[in-house]
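The values are calculated or read from the model by the stated rules, or taken from the named source; none is laboratory data. From a predicted model like this one, the values you see are computed outputs, not experimental measurements. Note: ideal-geometry Cβ built from the backbone for every residue, glycine included; neighbour counts use all protein chains shown. The protein model used for the area step is the full one, side chains on, heavy atoms only, and it has no ligands, DNA or RNA in it. Shrake-Rupley method; radii C 1.70, N 1.55, O 1.52, S 1.80 Å.
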Amino acid sequence: MSALHLTKVAVGADSIEALRSALGGRARDGETYITTRYKPTRAETLVGGSLFWIIRHRLIARAEILGFAEGKNGEGRPCCVIRLANDIVAVRAQPRRAHQGWRYLEDKDAPPDLAGGDADIAALPPELASELSGMGLI
């Protein structure tokens, strides 16, 4: 059985570095988390898959889904906590429309990880990396 993934817009993040910074503030014991109003109906199938992040209308990074828990949001209302690996992995950019909440993504449709890892991208000047990303090349 192939893995199932989620896609989600990285609201407020305009780069992988900004996403890492935002999620890093929540990191504990090698994992981080996001909250959502409702638990995905296919949650059991998602464990071991990835949450793919959309930034500037492209899937550009992913984090492994470790599990789900119940929690409370900032207003004290019940919510679903999606537990994620703290490692954000750059993937080959793939165009994607923005959406609210999350959407399922089949394994066959998921973009591959960047072969050289994002260390190679970090070595590029920011303007060049942005331009190449805009063209869907990284």
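Chymotrypsin sites (Phe, Trp or Tyr not before Pro), restricted to region 1-107: which are DSSP loop and have at most 16 other Cβ atoms within 10 Å?
Values: sites: Y33, Y38, F52, W53, F68, W102, Y104; in loops: Y38.
Taking region 1-107 and a limit of 16 other Cβ atoms within 10 Å, the loop chymotrypsin sites (Phe, Trp or Tyr not before Pro) found are Y38.
On average, how much accessible surface per residue is there in region 34-99, in Å², for a 1.4 Å probe, leaving out ligands, DNA and RNA?
Values: 3630 Å² over 66 residues.
Per-residue accessible area for region 34-99 comes out at 55 Å².
Keeping all protein chains in position, work out how much accessible area S50 exposes to a 1.4 Å probe, and write it in Å² to the nearest 10.
My reading of the accessible area for S50 is about 10 Å².
Give me the net charge for the shell around E64: Cβ to Cβ below 10 angstrom, other residues only, Lys and Arg +1, Asp and Glu -1.
For residues surrounding E64, the net value is 0.
Relative to the Cα centre, what is the charge dipole magnitude of region 39-117, using +1 at the beta carbon of each Lys and Arg, -1 at the beta carbon of each Asp and Glu, and rounding to the nearest 20 debye?
The calculation lands at about 360 debye.
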